[in-house]
Amino acid sequence: MGATLKDATAIAGIGQTPFAKHLPESEKTLACRAIVAALDDAGIAPSEVDAFASYTMEETDEVEIAKAIGAGDVTHFSKVGYGGGGSCATVAHLAAAVATGQASVGVAWRSRKRGSGPRPWKNTRVQLPTPGQWTRPFGLLRPADEIGLLARRYMHEYGATRDHLFNVALACRNRANQNPAAIMYERPLTREMYMTARWISEPLCLFDNCLETDGALACVVVSAERARDCRQRPVYVHSAAQGLPAQHHGMVNYWNDDPLTGPAWTAARHLWKGADLGPQDVDVAQIYDAFTPLIPLSLEGYGFCGRGEGAAFTEGGALEIGGRLPLNTGGGGLSEAYVHGFNLITEGVKQLRGTSTAQVPDAATCLVTAGEGVPTSALLLRS
Amino acid sequence: MSATESVRAAMTPSVPESLSASVPGTTDNAPGDDAGLLLPVPDEDGAPFWDHAARGELRVQSCSDCDELRFPPRPCCPHCQSFASHWRRMSGRGRIWSYVLPHPPLLPAYAALPGYNAIVVELAEAPRIRLVGNLVAAPDAPLNSVGPARLRIGAPVKAVFAKLPGGVTVPRWLLERP
Ligand SMILES: [Zn+2]
């Protein structure tokens, strides 16, 4: 076996803009602000940046970013597809590039005006022969509908209830109530609010759906050795993985043998194979939460419990601070900000620096995951 | 369009809403209950499905070498890599595998059908072949013609065909025991 990724690189800096339903500045400006802040956090000059990674859905390309922030000669740049499934992969691609000498200072970012911009599913101009021809004419229009179908089947097969989904929404909201930067900082959630909320795609209600947010975030990836000389305590990329399962079909994954085992299972197998640690060693988790049902599915996929046990896992405050697996400690996509999961990466870094607004005592390992349902990715971070 | 672009397009806000107000692929301005519903936009692999549907037949792509069914259709058999395929006729019988009841915000034509359902049907002959569709009270009835209380996972259903105002025929599903 050749070079390994294990602890070879670290996240040395993180940066973010405010989060809001509407920010006046452009996505490009917000991206630059987050990136400049992340480099300042690391204590690295923009002229040293020689690698970029982002999402294929990112509207600002690396050419614009590089010339605006004053990057030097760039020798590695990559874009990852599948919306929120690409979040952790941006860091993974930079880690691979840095570990193999393709670059030395990498910046990953996501800037998105999903709060004040259009809703993607309203775009009927791009009418998607595949797989849209098999779903959209029948009114399966939005990601909420596509995941709602999986959620209904999951509830049917395993006896999961809306109370289990509420446990997820509540844990995220409680953490947001501790986080002044979170959209839902001053907005507590009660069971009654949840149970009487309007439907979005029954069985999913308003609080099962992520926020619609304007905002941008970035992080800086360097070698482990370099990170030890930076301003902040290094957060090591211990293991990383992407996951596209055999016979997978994207978010509308109803056509393979077993639609309830999604990309998380594939990513997890590779993630744990490359790690010295297992699920039992994880102190805190940042799990992609565009929709609450993704949490029980991911808990199963990443091996925190057995198949069909993800809903029951959420009982008894398991996802709260002090519980078995504190979840989305900045508030997540459900209650901090929905920026395609990048805030889950930065929150993982804060936990391992000991600077989270909902700090898990002595947190030393953090799992961060990307969108489940779509081809996905994951990071295992350690201090 | 590649799968990558499909997922991207499904999730990206890249086209301003002002550009998407009136576009091909919908039945905008057509009369009747289905006005404004999205029409299927077939690709080369999927076109035979819709051609057969227009003749009132539910057919699924089958490998001509190893006989395995596959859906959605694609150029090559994932089991034996054969490029030879044909379209095997199905009985049209199946069971509801799951369903949702979408509520606003929705595209206007769907918002005009409160309580409509979207279902996934697993086919009786091939339970791993699952089709997204709608449970309706009669072939030409609107998408909200069956009350939500009648929807149940496992309920037996049968395929019928509805010709939409735009001239495209799509499968719909009736309860076997209404
Ligand atoms: Zn074959």
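Quick one: A:219, A:210, B:66, A:230, fewest Cβ neighbours within 10 Å first, how do they rank?
B:66, A:230, A:210, A:219
Got the relative contact order for segment A:226-383 handy, in percent, Cα pairs under 8 Å and 6 or more residues apart?
33 percent
Amide H neighbours of residue B:98 under 5 Å, at least 5 residues apart or on other chains, H built in the peptide plane: list them.
Result for residue B:98 returns B:120.
Ordered by residue, what ³J(HN,Hα) values in Hz, to whole numbers, does segment B:158-167 give under the Karplus form 6.51 cos²θ - 1.76 cosθ + 1.60, where θ = phi - 60° and Gly and Pro are x?
With coefficients 6.51, -1.76 and 1.60, one gets 9, 7, 10, 10, 10, 8, 7, x, x, x Hz.
Whole-Hz Karplus ³J(HN,Hα) for segment A:11-26, in order, using 6.51 cos²θ - 1.76 cosθ + 1.60 and θ = phi - 60°, x for Gly and Pro?
After applying 6.51 cos²θ - 1.76 cosθ + 1.60, I find 8, 9, x, 9, x, 7, 8, x, 10, 7, 5, 9, 10, x, 6, 6 Hz.
Could you give each residue of segment B:84-95 its phi-based ³J(HN,Hα) in whole Hz, using Karplus coefficients 6.51, -1.76, 1.60 with θ = phi - 60°, and x for Gly or Pro?
Computed from phi, the couplings for segment B:84-95 are 8, 8, 9, 10, 8, 6, 9, 5, x, 9, x, 9 Hz.
As I understand it, the dipole of the protein assembly as shown uses +1 on the Cβ of Lys and Arg and -1 on the Cβ of Asp and Glu, about the Cα centre. Which of A:17, B:37, B:161 lies farthest toward its positive end?
B:161
With springs only between Cα atoms under 10 Å, which of A:132, A:43, A:84 fluctuates most in a Gaussian network model of chain A?
Largest GNM mean-square fluctuation: A:132.
Quick one: which residues, 5+ away or cross-chain, put their amide H under 5 Å from the amide H of residue B:145? H built at 1.01 Å from N.
B:137
Express as a percent, rounded to the nearest 5, the fraction of DSSP beta bridges in chain A (both residues included) that run antiparallel.
Numbers: 34 of 46 bridges.
If we restrict to bridges inside chain A, about 75 percent are antiparallel.
Efficiency by 1/(1 + (r/R0)^6): what FRET value for residue B:158 and residue A:192, r their Cβ-Cβ distance, R0 = 56 Å, to the nearest 0.05?
0.85
Kirkwood Rh and Cα-based Rg: tell me the resulting Rg over Rh for segment A:203-285, rounded to two decimals.
Rounded to two decimals, Rg/Rh equals 1.06.
Once the Cα atoms of chain A are picked out, what are the Rg and Dmax in Å?
Rg, Dmax (Cα atoms, Å): 19.3, 56.
For chain A, what is the relative contact order in percent, using Cα pairs closer than 8 Å and at least 6 residues apart in sequence?
25 percent
Using only Cα atoms, find the angle between the long axis of helix A:342-353 and the longest principal axis of chain A, and express it within 0 to 90 degrees, rounded to the nearest 10.
So the inclination is approximately 60 degrees.
As a footprinting exposure proxy, order B:143, B:101 by other Cβ within 10 Å, with the fewest listed first.
Numbers: B:143 25, B:101 21.
Starting with the residue having the fewest Cβ neighbours, the order is B:101, B:143.
How far is helix A:27-42 tilted off the main Cα axis of chain A, in degrees rounded to 10, range 0 to 90?
On a 0 to 90 degree scale, this one is about 60.
Starting with the fewest neighbours, write out A:28, A:113 ranked by other beta-carbon atoms found within 10 Å of each beta-carbon.
A:28, A:113
Treat each spin label as a single point 7 Å out from the Cα along the C-beta direction, and report the residue A:28 to residue B:51 distance in nm.
4.7 nm
With a Förster radius of 22 Å, plug the Cβ-Cβ distance of residue B:138 and residue B:87 into 1/(1 + (r/R0)^6) and report the FRET value to the nearest 0.05. Can you show the working numbers first?
On the way: r = 27 Å, r/R0 = 1.21.
For R0 = 22 Å, the calculated efficiency reads 0.25.
Readers should treat all values here as calculations from the given coordinates under stated rules, not as data from a laboratory. Every value quoted in this text rests on a predicted model; they were computed, and no experiment measured them. All Cβ positions, glycine included, derive from the backbone under ideal geometry; neighbour counts span all protein chains shown.
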